[in-house]
1. Mean residue ellipticity at 222 nm from the helices of the chain, using -39,500 (n - 2.57) per DSSP H segment of n ≥ 4 over the full residue count, to the nearest 500 deg cm²/dmol?
2. Hey, what angle do you get for helix 72-88 against the long axis of the chain, alpha-carbon based, 0 to 90 degrees rounded to 10?
3. Could you pull out the longest piece of the chain with no exposed loop trypsin sites (Lys or Arg not before Pro) in it, calling a site exposed if DSSP puts it outside H, G, I, E, B and it has at most 15 other Cβ atoms within 10 Å?
4. Could you grab the Rg to Rh ratio for the range 82-169? Cα atoms only, Kirkwood for Rh.
5. Would you mind checking the tilt of helix 48-57 against the longest principal axis of the Cα atoms of the chain, expressed as 0 to 90 degrees and rounded to 10?
6. Can you work out ³J(HN,Hα) from phi for every residue in the range 16-28, in order, using Karplus 6.51 cos²θ - 1.76 cosθ + 1.60 and θ = phi - 60°, giving whole Hz and x for Gly and Pro?
7. Give me the extension gain from Glu13 to Gln75: residue separation times 0.36 nm, minus the current Cα-Cα distance, reported in nm with one decimal.
8. Roughly what % of Cα-Cα distances in the chain sit above 27 Å, to the whole percent?
Amino acid sequence: GQNSVINNEQGIETLERVLGAFSVYNSRIGYCQAMNCVAAHMLCNLGEEDAFWLLVSIVQELVPEYYGPKMEGLQAHTTVLERLAERFMPETLAKFNNAGVPMGLIAAHWLLPLFSMTLPPTTLYRMWDVMLLDGSKVLLCSALTMMRGTPADSLSDFQDVMSVLQHGAEAYYDATPF
């Protein structure tokens with residue numbers, strides 16, 4: 001599969017070079033663990049140099065301050081996501097609130113790694129294509145779509161919530177909702 005490109009010693013070394021080069025190129029941001037899966041997916045489809053420059057472009061242009069020292073961009077998107085959910089889908093937001101899921105937890109699992117740890121590759125790459133065309137608002141729309149599609153009974157306790165945040169979107173093989 002696509003993951004086999006990085007699931008070997010040479011692939012891991014390539015991933016380390018891309019992430020290391022980024023941390024030198026943008027020393028203010030440096031390295032953030034969520035970049036691992038983002039860069040790994042890029043390397044499944046691009047050469048090392050192209051993956052590096054795409055990572056630079058996304059981190060600096062599409063999601064500025066997501067990975068910065070104070071993560072201000074991520075905090076802003078978290079607030080916007082919560083406000084959108086309050087306005088357009090209060091019942092869905094109530095499911096998450098009743099399960100004790102703060103919006104920051106959703107953001108950390110979905111937005112920070114740009115859904116690279118949650119969506120299946122075909123859906124992820126389609127969503128990233130749209131994000132590259134339409135901007136970071138696509139991340140918010142995707143999070144709202146996934147929240148809306150989460151059954152209330154799958155949020156009964158914290159362990160269930162973590163499972164949904166980490167694996168709940170595996171059913172999104174059809175990228176149409178995005």
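The values are calculated or read from the model by the stated rules, or taken from the named source; none is laboratory data. Bear in mind that the values here come from a model prediction, so they are computed numbers and not experimental data. Glycine gets a Cβ as well: all are built from the backbone with ideal geometry, and neighbour counts include every protein chain shown. Each accessible area value is taken on the protein alone, full model and side chains, heavy atoms only, with ligands, DNA and RNA left out. Shrake-Rupley method; radii C 1.70, N 1.55, O 1.52, S 1.80 Å.
1. Here the helix-only value at 222 nm equals -17500 deg cm²/dmol.
2. 30 degrees
3. 71-178
4. With Rh from the inverse mean 1/r over Cα pairs, Rg/Rh is 0.95.
5. Compared with the principal axis, the helix lies near 50 degrees.
6. Going residue by residue, I get 4, 5, 4, 5, x, 5, 4, 5, 7, 4, 10, 5, 5 Hz, with x marking Gly and Pro.
7. Numbers: separation 62, 0.36 × 62 = 22.32 nm, distance 3.18 nm.
Result: 19.1 nm gained on full extension.
8. Tail fraction, whole percent: 26.
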